[in-house]
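**Q** Below is one structure. I have some questions about it.
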Number of protein chains: 4
Amino acid sequence: MSTISFPTGRKFDFTAIGRLCIDLNANEINRPMEQTMTFTKYVGGSPANIAIGMSRLGNKTAFIGKIADDQMGRFIQSYLENEGIDTSNVVTDKTGAVTGLAFTEIKSPSECSILMYRDNVADLLLHPLEVNEALIADSKALLISGTALASSPSREAVLLSLDYARKHGTTVIFDIDYRPYTWVSPEETAVYYNLAAEKSDIIIGTREEFDSMERFENNVEHSDRYTATKWFDYSAKIVIIKHGKGGSIAYTPDGSEHRAKSYPAKVVKTFGAGDSYAAGFIYGIMSGLTLEKSMEFGSAAACIVISSHSCSDAMPTVEQVKDYIERCNRGEITAN
Amino acid sequence: MSTISFPTGRKFDFTAIGRLCIDLNANEINRPMEQTMTFTKYVGGSPANIAIGMSRLGNKTAFIGKIADDQMGRFIQSYLENEGIDTSNVVTDKTGAVTGLAFTEIKSPSECSILMYRDNVADLLLHPLEVNEALIADSKALLISGTALASSPSREAVLLSLDYARKHGTTVIFDIDYRPYTWVSPEETAVYYNLAAEKSDIIIGTREEFDSMERFENNVEHSDRYTATKWFDYSAKIVIIKHGKGGSIAYTPDGSEHRAKSYPAKVVKTFGAGDSYAAGFIYGIMSGLTLEKSMEFGSAAACIVISSHSCSDAMPTVEQVKDYIERCNRGEITAN
Amino acid sequence: MSTISFPTGRKFDFTAIGRLCIDLNANEINRPMEQTMTFTKYVGGSPANIAIGMSRLGNKTAFIGKIADDQMGRFIQSYLENEGIDTSNVVTDKTGAVTGLAFTEIKSPSECSILMYRDNVADLLLHPLEVNEALIADSKALLISGTALASSPSREAVLLSLDYARKHGTTVIFDIDYRPYTWVSPEETAVYYNLAAEKSDIIIGTREEFDSMERFENNVEHSDRYTATKWFDYSAKIVIIKHGKGGSIAYTPDGSEHRAKSYPAKVVKTFGAGDSYAAGFIYGIMSGLTLEKSMEFGSAAACIVISSHSCSDAMPTVEQVKDYIERCNRGEITAN
Amino acid sequence: MSTISFPTGRKFDFTAIGRLCIDLNANEINRPMEQTMTFTKYVGGSPANIAIGMSRLGNKTAFIGKIADDQMGRFIQSYLENEGIDTSNVVTDKTGAVTGLAFTEIKSPSECSILMYRDNVADLLLHPLEVNEALIADSKALLISGTALASSPSREAVLLSLDYARKHGTTVIFDIDYRPYTWVSPEETAVYYNLAAEKSDIIIGTREEFDSMERFENNVEHSDRYTATKWFDYSAKIVIIKHGKGGSIAYTPDGSEHRAKSYPAKVVKTFGAGDSYAAGFIYGIMSGLTLEKSMEFGSAAACIVISSHSCSDAMPTVEQVKDYIERCNRGEITAN
């Protein structure tokens, strides 16, 4: 019935590989960042957020990544550990690299932007020799974040982790997570995103992110079905294409489309929507929910995160998501 | 009587060239930065602090520098302008460089450290062609900050500004400001610091900073007099060597040493002491005070800054410095 | 009967992608290069040599590559054109890159070494957007040279050319051509060599080159069969593992091994042996010869090249190879 | 009487610092390099040529430089030693840098060009710590070649060698030797050329080279006198400005100009003219010849070099120069 199955008898439900960084969220919001005087520090980075979300949702979770040898790096490590996430494969850089930063600017709930510090960041220095094959072999699922493909040696570490996952039957989830400023050229992006997608079981991205993969294709009409069908010729079992307010569509190899209803939210900012959606959705399919129910669970988790100030820190528990869905169903929550 | 004179009939009393960056000061202090959750944003960078200090002390002040084309850069520019500082020669980078950051950690008043972000920073991209010769020709004094010599093209911009200053008789003040992490090697530092010092009228630095200039010398006893005498063979009129709590000594070509008394302070952190001292001292000598009185004025200005949370924002006015000195003289202020 | 077939109805028999450079061969040989005073210039680079060899053997041949905008680049282009090779996809660099150089040192027939100039070379600047999909679609076979995977953007250009070849049913031949000095790390090499091999129909390399691909495997006994079997799980139809004087072994998916007899030669130097072998072998299988006969043809071609001073310039015609084989069979040629 | 004196009682008459590289001169000349098939190897690099010239002219000569750890580097070292040049301060690189190359193209005696290989060259890696102060202290003259200022750490090594020379009273000769392709920007060139010229006793360059130093000046008429006068305000005793076929002019602080007659030559190529002129001229003034006689001696030395195939290898002895002058005076040599 379910379109995808996960291996059993493994120590970890979920392992993520990629970026670990710091969000510095504006405390004084609804104004340009020039006028923000204080910032609050959170753990950030898409795969970090998803891992924190998965752990909050009760999954045994591990992380493969690299942190700077400084106060920011140590804060990240201890935060993950406090969340119950295994950090045995979180390596500390020794070259003087720094922790990536994201200063958030919230001009209004719909006008959010990020000022990134991505030069000489530790997360992109993860080396293939630092990826623990045994950890991947002992995980039900491996989540790969596209930004970790942006430069060497992290790029090769991720490509190797894909091979380890396939060798050991670990389900691969590819979250495209396209950040143009971290890439040398759109052509380079397309080449590596395609290489990763070829070896992935579940691919999640926005329409724009899938477009970035199709630079050498002829999908002139940006057809979701064209996009999804290509990957079913490789390894994919589920392809989810997100259309923002238009909702998400999940494609499966049997040719069917799956849509979920969405929930209202009092939006503070849009950051973190994708990461909380991914955590909720993956929790759903790993728990045996239908695709539609998994997507709904993801949507509700996203609503909770975008209604609060942080991303990682606001990741909900199962009870919080269920409660949110019930309150929506009772009409207690309306959009702003 | 005074050992140094300044040109007259110029539009600006004081122009600084070099680093413009952002300080992110820990709000929760007296703990490791790992445990700091919020930070407050200030304009930072040694020459920026000195320029702000000089403007607060009533001098017509200008700045030569380069800022990132982002919210941080725009904040710096508007802050300087609000302080009355001329920013016509503050250039905006167009290459995607970022604003340098300094996260401050205050474990205790005497244990302070800084976590720097200095990769791909806009300030080091100031190009020789962007230095306005006319501005230097119309300034009584030009302050050169040593960190701006750390890499090209800022290095060449500063070396050129020195030539412009000497060509037009503008007094050159060289604040050594040695930050090892911004340099490729101690030998490179020594070479460029010597080139700058050769063309400077006033040289200010700590004993350790002068040591960094003497890598190819034989001053094995770290003699202040040896250090000062060397520069009197070039252009120097005043050489100030700072010994932290041991106080500062000013040397002059006539062979005399000048010392000032110091003042007590309720120290919050040590950051900014050197910059406020420099502003106070330069104000003094430009105002016709004796060397000793100028040094005292600098010391009192420094006390005010280290007693407060920020560097730039805490720079005092003349009245505040005078008031501080009087209160010290009345015994109203004691050290912590 | 044959283990591999090639598409028909295409304009080109053979297209190679990758390195185009210059060999500077010592004229005074059998001595250290320090004592060599004059050098002769030849077109070089493994895929260039193979393409020249294929053209000499009567195949319609094209090249995809990038040359410097200088005298060396223009010499390469005109040499290829004089050999009848299509250079419509040989792009000229406009960034000031140089032509790769290889100075050869021949101390004795068995002690040969190369002094390489590979900094800022034009061939590694081939960009994905410069690869002509139509040319690949109109070729029976595409030869990929491993060295072109050594850095970006050439790496991505080659990976994209692989996708074009598979999309259009063009047979992919992967010549490993491992040159350690062009790579950042052995791990990076292994990752990209595996990605290329997964999509190749024919893989050719020495035992040491296959070892370099197996850095993350457990082939502790360096078993050829282990090596070959892995690739039959992907796309490979023929895997050739070369053992120097021990001869070459071709593996096929049916589990069989194929060996060819070798021929004697009066060796001048060992350079070019692999390239001429590859050209001879590919000619053979494309002409319908058996694997064994193709390997023999390759061996004889190699003997001709290592008996002469150059690599590219010495590539033989079909008649010359046949003549060499007959003379060997008549006992007219003996080893030195 | 002479405008310049040299220290006495020193072990070396002449020490040069800077580039050591390889010239690969076309054997088949009077054609584009595309049609040249063989090249002959010589030691090259302006300061190397001058040092070889000085040694041939009977001066005790030493070199400060860095060579690659390869056959080219070893050839250079042994060639210098065979010429009697002290190489105790010629350091061997250990980072894998290469030897700079210059392929010469001689289309006609007046159309000569060079194809340079200057990426990752050993000579520009000379580090300040590798400069032997004692050697400079024991030399009568130090020649600085401008190209060695083109990048770090060679730039700092040269700037430090200047300080050593001034500290020990060693006469500094600055040969501008401007090669635009080795520099990041013309502004950077101007900054460092000025810094070197300020500390030099003798400055030699073409009008175009002096123009490159005056980028931030107002010498709109390219006046030689303006140029020379500037440097007499610093340390210069002789400024020679070369005007190609128009001859050279030497300026001295007393305001006088000095010109020498020129000699005819059967020109093969123009390369090496400046280096042999410099060697001849420096020999002259160090031997007590008048400025005019020294310039004549330089001109005749240059004629000899441009009449032959190489630069370094053709540097003449005193007898050869005198003989050439006599033959010219007897009308035995005419121009081509």
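**Q** Which residue out of B:Phe14, B:Phe75, B:Phe63 is open to solvent by less than 30 Å² (accessible area, probe 1.4 Å), in contact with a helix residue (DSSP H, G or I) (Cβ under 8 Å, 6 or more places away or on another chain) and within 14 Å of another protein chain (Cβ to nearest Cβ)?
**A** When all the criteria are applied, what remains is B:Phe75.
**Q** Next up: Spot the failing condition for D:Leu291; the list is (1) in contact (Cβ under 8 Å) with a residue 40 or more places away in the chain; (2) over 27 Å from D:Pro7 (Cα atoms); (3) not polar (S, T, N, Q), and only one is missed.
**A** Here D:Leu291 clears every test but (2).
**Q** Please state which of the following conditions B:Tyr164 fails to meet, knowing it meets all the rest: (1) within 14 Å of another protein chain (Cβ to nearest Cβ); (2) under 19 Å from B:Val90 (Cβ atoms); (3) touching a Pro at 6+ places or on another chain (Cβ under 9 Å).
**A** Status for B:Tyr164: all satisfied but (3).
**Q** B:Ser154 versus (1) in contact (Cβ under 8 Å) with a residue 40 or more places away in the chain; (2) closer than 30 Å to B:His258 by Cβ; (3) within 14 Å of chain D (Cβ to nearest Cβ); (4) among the hydroxyl-bearing types (Ser, Thr, Tyr): which is the lone unmet condition?
**A** (2)
**Q** While we're on this one: So, of the residues in region C:243-257 that are open to solvent by less than 30 Å² (accessible area, probe 1.4 Å) and of a type outside the set (S, T, N, Q), which turns out to be farthest from C:Ile306 (Cα to Cα)?
**A** C:Tyr251
**Q** Restricting to region A:229-242, name every residue that is in a loop (DSSP other than H, G, I, E, B) and open to solvent by less than 40 Å² (accessible area, probe 1.4 Å).
**A** Selection gives A:Ser235, A:Ala236.
**Q** Output yes when any residue across region D:259-272 is closer than 22 Å to D:Pro180 by Cα, surrounded by 15 or more Cβ atoms within 10 Å (Cβ to Cβ) and among the small types (Gly, Ala, Ser), and no when none is.
**A** Yes, region D:259-272 has at least one match.
**Q** Something else: State which residue is farthest from the chain's Cα centre (by Cα) when the search covers only region C:80-110 and only residues that are charged (D, E, K, R) and more than 9 Å from chain D (Cβ to nearest Cβ).
**A** Of everything passing the filter in region C:80-110, C:Lys94 is farthest from the chain's Cα centre (by Cα).
**Q** Of A:Ala62, A:Ala97, which residue is farther than 20 Å from A:Gly146 by Cβ and hydrophobic (A, V, I, L, M, F, W, C)?
**A** Answer to the selection: A:Ala97.
**Q** Still on this structure: What's the total number of residues in region C:133-176 that are part of a loop (DSSP other than H, G, I, E, B) and crowded, with 23+ Cβ neighbours inside 10 Å?
**A** 3
**Q** Let me ask another. Within region C:177-194, how many residues turn out to be part of a helix (DSSP H, G or I) and modelled with pLDDT under 95?
**A** 3
**Q** If you don't mind, another one. Scan region B:120-136 residue by residue and report those that are touching a Phe, Trp or Tyr at 6+ places or on another chain (Cβ under 8 Å) and under 21 Å from B:Thr95 (Cα atoms).
**A** B:Pro128, B:Val131
**Q** Another one. Could you grab me the full set of residues in region D:310-333 that are over 18 Å from the mean Cα position of the chain (by Cα) and outside any helix (DSSP H, G or I)?
**A** Those that are over 18 Å from the mean Cα position of the chain (by Cα) and outside any helix (DSSP H, G or I): D:Arg330, D:Gly331, D:Glu332, D:Ile333.
**Q** How many residues, within region D:118-130, are outside any helix (DSSP H, G or I) and open to solvent by 10 Å² or more (accessible area, probe 1.4 Å)?
**A** So the count comes out to 4.
**Q** Given the options C:Ser152, C:Ser161, name the one that is among the small types (Gly, Ala, Ser) and within 18 Å of the chain's Cα centre (by Cα).
**A** C:Ser161
**Q** Here's another thing I want to ask about it. Of the residues that sit in region A:167-203 and are acidic (Asp, Glu) and out of contact with any strand residue (DSSP E or B) (no Cβ under 7 Å at 6 or more places or on another chain), which one is farthest from the other protein chains (Cβ to nearest Cβ)?
**A** Looking at residues that are acidic (Asp, Glu) and out of contact with any strand residue (DSSP E or B) (no Cβ under 7 Å at 6 or more places or on another chain), I get A:Glu198.
**Q** Within region A:34-50, is even one residue open to solvent by less than 50 Å² (accessible area, probe 1.4 Å), of a type in the set (D, E, K, R), within 12 Å of another protein chain (Cβ to nearest Cβ) and within 25 Å of A:Thr270 (Cβ to Cβ)?
**A** Yes, because at least one residue in region A:34-50 is open to solvent by less than 50 Å² (accessible area, probe 1.4 Å), of a type in the set (D, E, K, R), within 12 Å of another protein chain (Cβ to nearest Cβ) and within 25 Å of A:Thr270 (Cβ to Cβ).
**Q** Next question, about the same structure. Could you please find all residues in region B:21-33 being at the interface with chain A (Cβ under 9 Å from one of its Cβ atoms) and either in contact with a His (Cβ under 7 Å, 6 or more places away or on another chain) or open to solvent by 10 Å² or more (accessible area, probe 1.4 Å) (or both)?
**A** B:Asn27, B:Pro32
**Q** Have a look at B:Leu142, B:Leu159, B:Leu124, B:Leu149 and point out the one that is over 16 Å from B:Ile173 (Cα atoms) and touching a helix residue (DSSP H, G or I) at 6+ places or on another chain (Cβ under 9 Å).
**A** Criteria check complete, one pass: B:Leu124.
**Q** Of the residues that make up region A:208-228, is at least one more than 14 Å from chain C (Cβ to nearest Cβ), modelled with pLDDT of 95 or more, surrounded by fewer than 18 Cβ atoms within 10 Å (Cβ to Cβ) and under 17 Å from the mean Cα position of the chain (by Cα)?
**A** Scanning region A:208-228 turns up at least one residue that is more than 14 Å from chain C (Cβ to nearest Cβ), modelled with pLDDT of 95 or more, surrounded by fewer than 18 Cβ atoms within 10 Å (Cβ to Cβ) and under 17 Å from the mean Cα position of the chain (by Cα).
**Q** Restricting to region C:78-96, name every residue that is over 23 Å from D:Thr36 (Cβ atoms) and open to solvent by less than 20 Å² (accessible area, probe 1.4 Å).
**A** Answer for region C:78-96, where residues must be over 23 Å from D:Thr36 (Cβ atoms) and open to solvent by less than 20 Å² (accessible area, probe 1.4 Å): just C:Asn89.
**Q** Now, a different point. Kindly evaluate D:Asp119 against the criterion of being acidic (Asp, Glu) and more than 14 Å from chain C (Cβ to nearest Cβ).
**A** Against the criterion (acidic (Asp, Glu) and more than 14 Å from chain C (Cβ to nearest Cβ)), D:Asp119 does not qualify.
**Q** Okay, moving on. If only one of A:Ser113, A:Ser139 is over 27 Å from A:Thr95 (Cα atoms) and either touching a Pro at 6+ places or on another chain (Cβ under 7 Å) or within 13 Å of chain B (Cβ to nearest Cβ) (or both), which one is it?
**A** One residue alone meets the criteria, A:Ser113.
The values are calculated or read from the model by the stated rules, or taken from the named source; none is laboratory data. All values derive from a computational prediction rather than experimental measurement. Cβ atoms come from the backbone with ideal geometry, glycine included; neighbour counts cover every protein chain shown. Heads up: the accessible areas ignore ligands, DNA and RNA and are worked out on the full protein's heavy atoms, side chains in. Shrake-Rupley method; radii C 1.70, N 1.55, O 1.52, S 1.80 Å.
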